[in-house]
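Just so it is clear, none of the values below were taken in a lab; they were calculated from the coordinates. Given the structure is predicted, the values throughout are model-derived calculations rather than measurements. For neighbour counting, all protein chains shown are included, and Cβ atoms are generated from backbone atoms with ideal geometry for every residue, glycine included.
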Amino acid sequence: MTDNQQVRHFRQILIWPLQLMPLDESGVLGQQWRLMLSAVEQGSPWRLRPSEFEPGAFQERHYREFITFLPYVQRFLYGEGQTEASDVASYGKSPLHVFRRDDVKSVRLTFRDGAEVDLAIAHIDLYFFFDIDVVILALEVMGDNLPLPRVQDILFRFGRSFPAQWDEEGGPASCLAGVAWCDAQGRVLAVSDYGDRGAYLGHLAEYRSPRLASHWAWLLEPMVPHHSSASGGVRYRQVEYHRMPLLAYLALDDPLSLSEADFYRLGMVTRPDDGEALPGRLVRDFIAQSCYDRYWSPEQGVPSASTRIMCNGQALVVVGDRRHPFFCDAQTGVLGQFRHQQFLLALIAHFHKAALLTFSDRMAVALARLNIADVHSVRTFKRDIRIQLEVFLRFTQRYWFREVSNQAVAAQLFDMLRRHLGTAELYQEVQDSVKSMSQYLENDDLRRQADTVVKLTVVTILSLVGSTVTGFLGMNLFDLTHESTAAKVGYFLLVLLPALGLTLYTLMKARPLSEFIERMADQRTDWRGRLAAFIHIWRRRRS
């Protein structure tokens, strides 16, 4: 049935999380958006997106979007009151900084069979998060009157940051034959290079990191890939799989005619139907775990009961009947909810996963760089871990949500996203790692404090002997009262230098001296053992 189906209206939103590299070693994170502001002044196509919460621009769909979320999520997404772009995020101000570019108006997709499809671009946004080194690219495309197999091919092939392999003919196996960004006049601004296998192989051999396709790298400029020779202040790298998470909206003539296997291919974003039967157990598990059927009742046979939402974590796909006015309503209907509420649900869920993966990566890098024999390395490790502890605490209080809405559809879809992405388990793993790191730092500090106390105790005990002898009954061994000031200073230095040398030497021998003192205090040790401990003070220790 899919070959005869027409998608009367199609939307696809790509959500691409990327890890940002720290700007410096000061420990201040999530400030790359300031460099983007500077790039805007120098002619970058990215512009800080204006607020929609203005009396003239505010519409009912903005209102419905806002009240979908709980208050603490509202403060995260929208802030409170007027927010200036240059203000540091604080209570009442949104930690989001969103940039948008308007020069790219369409994308031209070339398929392996030579066909070309032009899709209009609704928006291209970059989401920066205060205090977190993560950026998310959100790209929405749309088209009308497309065959369903062609739409399935677009979903399967479009959102790939680089080819995973090449076929026998040298073409990218799972990518489109070509992708081109076009301006309002249809002029090509940038094209893909999926077929340049040598460039991808050479880049991986040199940098130990995959090379991004040229059209995606161009779209993100002035940001540049971290693993490249390009110069730029804001550098990024992959944080997840090369297939970008997506949302899709399909308005069909007759969604009730689709089989369960057809829904599996749509929800799992596979290739179009090639005639091979799918295992029944596979389809049944998908229907049970990934389908939200609150508005799906095919036995009724009416458009109002023909909307099915599928979510597997990496994809959220909405399918419905184009004849149902509420399904096609772009303001307050299903289409409007898909473009706004459901998009924000997916944005939050994927941001959570990207941020947690970034935390895990940063702690792994800090451990890999630790050399316990190098004092500077130990200090750098402690500083990096303390920074990650502080940032993780702020992430938990500012960004980590287990519930985002009390509305049934939004709450249940967010639960499905969290479950399939495994963010709750990932958060627990990162939290356990953070606690382990914190415990290590505390134990190391206690060990150093105890070591310092031992050294001071040894010095104090040895100093007590001399103080007791020379201070007995206030006795002065030498009468220097009538000596000149210069002589007194000379005598003072004569005593000071040996005393200082003795103190320093005692500190150098503090550990064997403390062992000797402990052995002397142990009643179970005979005098031979105590003598051996005394001789051991002057023995040279082997490393």
Between ARG383 and ARG524, 0.36 nm times their residue separation minus their Cα-Cα distance comes to what? 46.3 nm
Rounded, prolate or oblate for the range 184-260? Axes are the square roots of the Cα gyration tensor eigenvalues, ordered a ≥ b ≥ c, and the cut-off for rounded is a/c under 1.5. prolate
What order, most packed first, do the peptides 139-148, 269-278 have when packing is the mean number of other Cβ atoms within 10 Å of each residue? 139-148, 269-278
Within the range 235-278, which residues have the backbone N less than 19 Å from the label spot 7 Å out from ASP144 along Cα→beta-carbon, could you tell me? 249-254
Filtering trypsin sites (Lys or Arg not before Pro) in the range 309-350 by DSSP loop and by at most 16 other Cβ atoms within 10 Å leaves ARG323
Give me a comma-separated list of calculated 3J(HN,Hα) values for the range 301-318, in order, Karplus coefficients 6.51, -1.76, 1.60 applied at θ = phi - 60°, integers in Hz, x for any Gly or Pro. x, 10, x, 5, 10, 10, 9, 10, 10, 10, 9, 10, x, 7, 9, 10, 10, 10
Name the residues of the range 276-290 whose amide N is less than 15 Å from a point 7 angstrom out from the Cα of GLU260 along the C-beta direction? 277-290
At R0 = 41 Å the Cβ-Cβ FRET efficiency linking GLU390 and THR503, nearest 0.05, sits at 0.60
With r as the distance between the Cβ atoms of ALA411 and ALA184 and R0 = 60 Å, compute the FRET efficiency 1/(1 + (r/R0)^6) and round to 0.05. 0.90
Here the FRET efficiency for GLU425 versus LYS488, based on Cβ atoms and R0 = 51 Å and rounded to 0.05, is 0.10
Please list, ordered by chain and number, the residues whose modelled amide H lies under 5 Å from the amide H of ASP133; skip anything fewer than 5 residues away on the same chain. GLY30
Residue-ordered couplings for the range 153-158, obtained by feeding phi - 60° into the Karplus form 6.51 cos²θ - 1.76 cosθ + 1.60 and rounding to whole Hz (Gly and Pro as x), are 5, 5, 4, 6, 10, 6
What length, rounded to one decimal in nm, is gained on full extension from VAL365 through to GLN439, with 0.36 nm per residue of separation minus their alpha-carbon distance? 24.8 nm
Take SER51 and TYR63, extend 7 Å from each Cα along the Cα→Cβ direction, and tell me the distance between the two endpoints in nm. 1.9
